[in-house]
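Okay, structure first, notes after.
The values are calculated or read from the model by the stated rules, or taken from the named source; none is laboratory data. Note that the coordinates shown come from a computational prediction; the quantities given were computed from them, not determined experimentally. Positions of Cβ are generated from backbone atoms using ideal geometry, with glycine treated the same way; all protein chains shown enter the neighbour counts.
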Amino acid sequence: MQSVENNVKYTTVEEEFSFASMINARKKDLKYLWKHKIRILIIGLIGGAAGIALAYFWPVTYTAKLTFVVEEGKSSGGGLLSSLAGQMGFDIGGLTGGTSGVLAGDNVLQLLTSQKMVKQTILTPLDSNGTYTLADKYADAYKLKEDWKDLKVNTKKETVMFPADTKKYTRLQDSLLQSIIIKLTEKELSVSKPDKKLGFFALTTTMKNEQLASLVCTRLIEEATLFYIQTKTKRLRINVDRLQTRADSIGRLLNRKTYAAAGANAIMLDANPAYATIGVGAELQERDKRVLQTIYSEIIKNLEVSRSMLMQETPTFQIVDEPEMPLKKNRMRYSTGILIGGLLFGAFYCLFLLIRRKD
C-alpha cells in the first residue's frame with residue numbers, strides 16, 4: 001500500500017515584488033546599522049588614517065604639456081564646395097586628393113605616438129656628453145636597472161645601458177628598450193586635439209622625473225617636426241638637389257668655355273689673314289658658349305621655380321605653449337586619501353554587518 005506522503009504534491013509560490021516591502025527592508029537595515037554607528041565611525045577613522053598613509057606613499061608624477069599648431073604649405077582643394085560639404089558631414093577634400101597622404105590632417109596624432117618617433121626621442125643624449133641617453137635616464141628614474149640585473153638572461157649581471165647607436169645592441173637591450181617604448185606610448189604619453197574645429201594639438205607627458213618629462217615632450221616634437229617636413233617635401237627637395245647639381249655642372253663647363261673662347265679670340269689678333277679657316281675655331285667656341293649660356297639660364301630659372309614651390313609646400317610646426325619648470329606636480333591629497341579610506345572601510349564594514357545579520 002502506497003503511503004499518503006507519496007500522494008502529496010508540493011508547490012512553490014513566488015513572493016510578489018513590492019517597492020513598499022523593499023523600502024521597509026532597507027529601513028530595517030539602516031536602523032540596524034545605526035545601532036552600530038560608533039563601531040562604523042571608528043572603522044571609518046581607521047580607514048581615514050590608512051588613506052593618509054596611502055597619500056603619503058603615493059608616487060609623485062610630473063606633467064609636461066606642449067601645445068602646437070601645424071600650418072600646411074598649401075590649403076587643401078575643394079574651396080567653397082568643400083566647406084559647405086564639411087558642414088553636412090562630407091569630406092570633399094579627401095575625394096579630390098587635397099588631404100590625402102600619410103601625414104595629412106589628424107594623422108600627425110598617430111605620428112607623435114609611433115614607435116619610430118618615440119625610439120628616436122629617448123635615444124637622444126641627455127646632455128652634451130652624448131653617452132647618457134634619455135632611455136638611461138628613464139631606467140634610472142624608475143629604478144629598472146637594479147631589477148634588470150636579476151634577470152636570468154642577464155648572465156653577466158651587468159648594468160644595461162642604451163647608447164644612441166643601436167647597431168651593436170644585444171637582444172636583451174632591444175627587448176628592454178621595447179618595454180620602455182610600450183610603457184611610454186600606452187601610459188605616459190598622450191596626444192590630443194582639444195578642439196576639432198581648430199588646428200591646435202596638445203602633447204602631454206606624465207612621468208616620475210620632472211626633467212625627463214620636459215625633455216621627452218620637447219624632443220619628441222623636434223623629431224616629429226623634422227620627420228614631418230622631410231616627408232612632406234621629399235619629392236621637391238630631390239628635384240631641387242638635382243637641378244642644383246645640374247646647374248653647378250653646366251656652370252663649370254660654361255666657365256671653361258668662356259676661357260677657351262677668350263683664348264681663341266686672342267689668337268685671331270696675330271693670325272695671318274691669308275688663311276681662310278683661321279677663325280673657325282673662335283666661331284665654334286663662341287657657339288658652344290652661347291648654347292651653354294642658354295642651357296644655364298633655363299636651369300637657373302627652373303631651379304628658382306622649384307625653390308619657390310619647396311618653400312610654399314613646406315609645412316610649419318608652430319609651438320604655442322612649451323613646458324616650463326616647475327612642472328605640474330601630481331600627487332594624492334591627504335583630504336582625498338582620508339575620504340577614500342574612510343568611505344571604503346566604512347562601506348565594507350557596513351556590508352559585513354548586514355551579511356552577518358542575515359546569516
Is it true that some residue in region 230-243 is under 15 Å from the mean Cα position of the chain (by Cα), surrounded by 14 or more Cβ atoms within 10 Å (Cβ to Cβ) and not polar (S, T, N, Q)?
no
With a cut-off of at least 2 residues that are out of contact with any strand residue (DSSP E or B) (no Cβ under 8 Å at 6 or more places or on another chain) and at pLDDT 60 or above, name the helices (runs of 4 or more DSSP H) lying wholly within region 28-101.
37-57
Can you tell me which residue among 343, 354 is at pLDDT 85 or above, surrounded by fewer than 16 Cβ atoms within 10 Å (Cβ to Cβ), over 30 Å from residue 66 (Cβ atoms) and out of contact with any Ser or Thr (no Cβ under 9 Å at 6 or more places or on another chain)?
343
Only one residue in 160, 153 is closer than 18 Å to residue 143 by Cβ and modelled with pLDDT under 85, so which one is that?
160
Given (1) exposed (fewer than 12 other Cβ atoms within 10 Å of the Cβ); (2) more than 30 Å from residue 315 (Cβ to Cβ); (3) modelled with pLDDT of 80 or more; (4) not basic (Lys, Arg), index of the condition residue 251 fails
(1)
Any residue in region 208-219 that is assigned to a helix (DSSP H, G or I) and of a type in the set (Val, Ile, Thr)?
yes
Any residue at all in region 281-293 that's hydrophobic (A, V, I, L, M, F, W, C), over 29 Å from the mean Cα position of the chain (by Cα) and modelled with pLDDT under 85?
yes
